[in-house]
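Here the structure comes first, spelled out in structure tokens, and everything after it is commentary.
The values are calculated or read from the model by the stated rules, or taken from the named source; none is laboratory data. Since this is a predicted model, take the numbers as computed values, not measurements. Virtual Cβ from ideal backbone geometry, glycine too; neighbours counted across all protein chains shown.
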Amino acid sequence: MSKSLLVDTHVWLWYAQGNRQRLPPNAARRLERLDRDGRLRLSILSVWELGLLDAKGRVHLGQPCDEWVNAFLQRTRFQVIGLDIGAALQANQLPAFPHADPVDRLLVATARHHGLTLITEDRKILDYAHQGYVRARSSSDKELLKP
């Protein structure tokens with residue numbers, strides 16, 4: 001079976017909105033293929049974060065957030081994963097984590113706890129991955145398509 005991948009909030013939003021300008025070249029096609037293969041996971045934290053960004057007016061979805069999320073999940077094969085106790089506890093013990101953002105901390109902990117690779121464009125998280133603390137890749141990385 002192919003490995004599942006956890007999609008960071010901003011990559012999810014750009015992909016879902018078809019915002020090809022924000023994604024690296026070829027990333028949208030890679031994500032479409034991974035979606036068709038049923039390999040993409042979305043943290044409930046990203047759903048919460050999107051709702052928060054929408055409520056603050058920092059993103060514009062064109063419809064209520066709950067309708068937008070439900071429509072996205074109906075047209076894709078993304079699976080939502082919850083926050084569990086193991087990831088929540090691990091989030092407080094990440095070695096040398098460079099981010100103050102609690103959602104990023106929890107997403108990294110979720111990826112580590114579940115053995116997932118995090119798809120992100122966040123340079124701090126990608127650098128953290130290069131140090132060996134988490135598996136993370138840019139959405140443009142050809143390696144994502146490997147089983």
So, first residue over 25 Å from GLY62 (Cα atoms) in the range 17-42, second residue part of a helix (DSSP H, G or I), Cβ within less than 7 Å, six or more apart or across chains; the pairs are ARG30/LEU144; ARG30/LEU145; ARG33/LEU145; LEU34/LEU144
Of the residues in the range 112-130, those that are of a type outside the set (Ser, Thr, Tyr) and touching a Pro at 6+ places or on another chain (Cβ under 9 Å) come to GLU121, LYS124, ILE125, ASP127
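Let's see how each residue does on (1) within 17 Å of GLY82 (Cα to Cα); (2) not charged (D, E, K, R):
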| position | (1), (2) |
| --- | --- |
| SER4 | yes, yes |
| THR9 | yes, yes |
| TRP14 | no, yes |
| ARG33 | no, no |
| LEU40 | yes, yes |
In the range 29-39, anything over 15 Å from THR9 (Cα atoms) and in a helix (DSSP H, G or I) is listed as ARG29, ARG30, GLU32, ARG33, LEU34, ASP35, ARG36
Per the list (1) without any contact (Cβ under 8 Å) to a residue 60 or more places away in the chain; (2) assigned to a helix (DSSP H, G or I), residue check on ARG58 breaks on (2)
Checked pairs for the range 102-117, first under 17 Å from LEU52 (Cα atoms), second small (Gly, Ala, Ser) and outside any helix (DSSP H, G or I), C-beta under 6 Å and 6 or more apart or across chains, list as LEU107/SER43
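Yes/no matrix, rows are residues, columns are (1) surrounded by 19 or more Cβ atoms within 10 Å (Cβ to Cβ); (2) under 25 Å from PRO24 (Cα atoms); (3) of a type outside the set (Val, Ile, Thr):
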| residue | (1), (2), (3) |
| --- | --- |
| ILE85 | no, no, no |
| ALA91 | yes, no, yes |
| PRO98 | no, yes, yes |
| VAL103 | no, yes, no |
| THR110 | yes, yes, no |
| ASP127 | no, yes, yes |
Checked LEU40, LEU89, LEU52 against criteria (in contact with a strand residue (DSSP E or B) (Cβ under 9 Å, 6 or more places away or on another chain), aliphatic (A, V, I, L, M) and either at pLDDT 95 or above or under 20 Å from GLY18 (Cβ atoms) (or both)); the one match is LEU40
ask   = For THR120, are the conditions met, namely being in contact with an Asp or Glu (Cβ under 6 Å, 6 or more places away or on another chain), crowded, with 17+ Cβ neighbours inside 10 Å and touching a residue at least 60 places away in the same chain (Cβ under 8 Å)?
value = yes
ask   = Somewhere in the range 40-55, is a residue surrounded by 16 or more Cβ atoms within 10 Å (Cβ to Cβ), part of a loop (DSSP other than H, G, I, E, B) and in contact with a Phe, Trp or Tyr (Cβ under 6 Å, 6 or more places away or on another chain)?
value = no
